[in-house]
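Have a look at the structure below, then the notes.
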Amino acid sequence: MLLTLLLISIVSLALYLFNKMIVMPTMYRTKYSKFSNVKMSSKATMFKGDAVEVKHNIDSGKHAFSHYIDLAVSEEHTDIYLKFEGPNPVFVMLSPRALGQTSKLMPSRIDRDDSLINQNFGKIFYNSLNQLKSDANWKLRRNTLMKAIGLSFAPTYIQKLLDCMNRVVVSWKPKTTVDFTNEFAAVETSFMTQALLGKGFDHSQFKFDYQTQSNRVIQITLHEVMARLRQECVSNVDNKLEVLLPFINDYNLCQPFRRIMTNVKHMSTKIQEFLQDSQDQESVYAKVKQETVCTDDELLADILCLLFQGIGSTSHVTALLMYYLNKHPQVMDKCKQVYEEHGITTNGVLQTHKLTTGDLENCEYADYVIKEALRLNTSVSKTAAYRTLEDVVICGVPIKKDNWITLENIGCLLDLKHWHEPLEFIPERFDPESEYFKSPMTGKARDPCAYPPFSAGLRACPGQALAKLGIRVALPFLITNLDYDIQYVKKNILTTPPETEEEQLSVETPISFSNESQHHLEIDIKANKLHK
């Protein structure tokens, strides 16, 4: 009897794995290969899925998702990309048309799902707004959070950011090389932790215990913790045990899931200890806590989600700005001229009292430059997954209930049908008077869904106003105080363990310094007005 049960169990498991690993992926490929506006990778494998394509891109020195970029700038029309995470199909909305149609189906027919709460990045900010269904509780929490972040507090944010930039940039000596991506990420981390957690949080001094892959416990900053957790989550998307037996991930039954949860617990506990002692009632955390719309654990998850998504995003965009302004000195000169005309600078000297939301918004050309940097270096490359709650049709493609969908902003931001010369840095494309402003396909105004740098619709990034304010303040601060030249460092974030050293790389025209790019920006400081 026992032998019979064992045999039945083995056969059942074999049939389950055969169906999951071979039958279902084959059926999906066969069905959706018939749609001309659906593309998929020929390199995807049984266990690793499209991670093979990503690794190929990285090994070739390209953006991790350059296959999406190739489709966006192609004459061939692609709305949806069918990717595989291991054997599991995910429908990637790649075009503005697909993004627009999907947004209209949210949240009644497409929404987040509870099964995602403990998946991948969900382990870092469990039960946060990013994972929850779009119900009344989610809406109340989101609105309360956005109100607490709101730009009515902009003067405080601007001063905090100026203080953080001054502390770091003042140390950049002339005739030295600075890792701008890392240094400015430290600025961003310091600013965001003070704004979100409280002014007593000293990013550079606040250390966290972190268990490495070799089981060593080291002490690192919050920025480093976030970077390592990101790397661990991304590198384990194609974990064979998780692919075969998803409950191992759900219940953290083995490494690396146990280690990730240990490090998240260390981080959360130490931040909670700080918050309990904090006297700052003006932090975003304190303002939301006063509204009692969620538990302390849920609020911390929301704050960690903002930190995780925000730390790096502003610095990546700012790095791209520094790169392109150096490569296009006429754009740099025009920005400086605009700042001078609007009193942001006087004879090339920054007037910090003029750094207000109103004065900065009046500098329209500088805003075109920032928008173009966001287009080329999108802060939110792709979203967390959604589940179809019923059968849907998107761009003529039928998708059954209980399938996964993500929104991929790169495809929209570089779509050849909506952008003239999409890989080129052309700030004038946002000027209504420019020939580049209209869609090359229709000659009319672009589809609004062609420009979703912070995603779109109901689930757009709640911290985007704060991020854009940070870039608007950083740009005049940096270009008026620094004279610099540029270099690069290669950083393979998907495959290089955090302990290994970065590898030098010279690049002619990188289009990104985002988390999906391999490139770090280094700058040679020629002159620094702040350095004494």
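The values are calculated or read from the model by the stated rules, or taken from the named source; none is laboratory data. Predicted model, so just to flag it, every value in this text is computed and none were measured. Virtual Cβ from ideal backbone geometry, glycine too; neighbours counted across all protein chains shown. For accessibility, only protein heavy atoms count, side chains too; no ligands or nucleic acids. Shrake-Rupley method; radii C 1.70, N 1.55, O 1.52, S 1.80 Å.
To keep it simple, each residue is scored yes or no on (1) in contact with a strand residue (DSSP E or B) (Cβ under 9 Å, 6 or more places away or on another chain); (2) free of Cβ contacts under 8 Å to residues at least 24 places away in the same chain; (3) not in a loop (DSSP other than H, G, I, E, B).
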residue: Ile405; (1), (2), (3): yes, no, yes
residue: Leu416; (1), (2), (3): no, no, no
residue: His420; (1), (2), (3): no, yes, no
residue: Pro440; (1), (2), (3): no, no, no
Checked against (1) at pLDDT 95 or above; (2) under 30 Å from Asp483 (Cβ atoms), Leu140 satisfies every condition except (2)
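Among the residues of the stretch 52-70, are any aromatic (Phe, Trp, Tyr) and at pLDDT below 95? Lay out the reasoning, then the answer.
Applying the first criterion (aromatic (Phe, Trp, Tyr)) to the stretch 52-70 yields 65, 68.
Then drop every residue that is not at pLDDT below 95, which leaves 65, 68.
Scanning the stretch 52-70 turns up at least one residue that is aromatic (Phe, Trp, Tyr) and at pLDDT below 95.
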Being among the small types (Gly, Ala, Ser), without any contact (Cβ under 8 Å) to a residue 60 or more places away in the chain and open to solvent by 30 Å² or more (accessible area, probe 1.4 Å) narrows Ser115, Ser60, Ser74 down to just Ser60
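Each row is one residue, and each column tells you yes or no for (1) of a type in the set (A, V, I, L, M); (2) surrounded by 16 or more Cβ atoms within 10 Å (Cβ to Cβ); (3) part of a loop (DSSP other than H, G, I, E, B); (4) out of contact with any His (no Cβ under 7 Å at 6 or more places or on another chain).
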position	(1), (2), (3), (4)
His67	no, yes, no, yes
Val90	yes, yes, no, yes
Ser103	no, yes, no, yes
Asn137	no, no, no, yes
Thr144	no, yes, no, yes
Ala148	yes, yes, no, yes
Asp163	no, no, no, yes
Asn166	no, no, no, yes
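Would you tally the residues in the stretch 168-191 being in a helix (DSSP H, G or I) and either on the phi > 0 side of the Ramachandran plot or open to solvent by less than 20 Å² (accessible area, probe 1.4 Å) (or both)? Give the derivation first.
Just the residues of the stretch 168-191 that are in a helix (DSSP H, G or I), to begin with: 168-169, 180-191.
Narrowing the set further to residues that are either on the phi > 0 side of the Ramachandran plot or open to solvent by less than 20 Å² (accessible area, probe 1.4 Å) (or both) leaves 169, 180-181, 184-185, 187-191.
So the answer is 10.
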Against the definition (crowded, with 17+ Cβ neighbours inside 10 Å, of a type in the set (D, E, K, R) and at pLDDT below 90), how does Lys39 come out, yes or no? no
Of the conditions (1) open to solvent by 30 Å² or more (accessible area, probe 1.4 Å); (2) in a helix (DSSP H, G or I); (3) modelled with pLDDT under 95; (4) not acidic (Asp, Glu), the single one that Arg375 does not satisfy is (1)
Residues in the stretch 288-310 that are open to solvent by 30 Å² or more (accessible area, probe 1.4 Å) and either in a helix (DSSP H, G or I) or in contact with a strand residue (DSSP E or B) (Cβ under 9 Å, 6 or more places away or on another chain) (or both) total 7
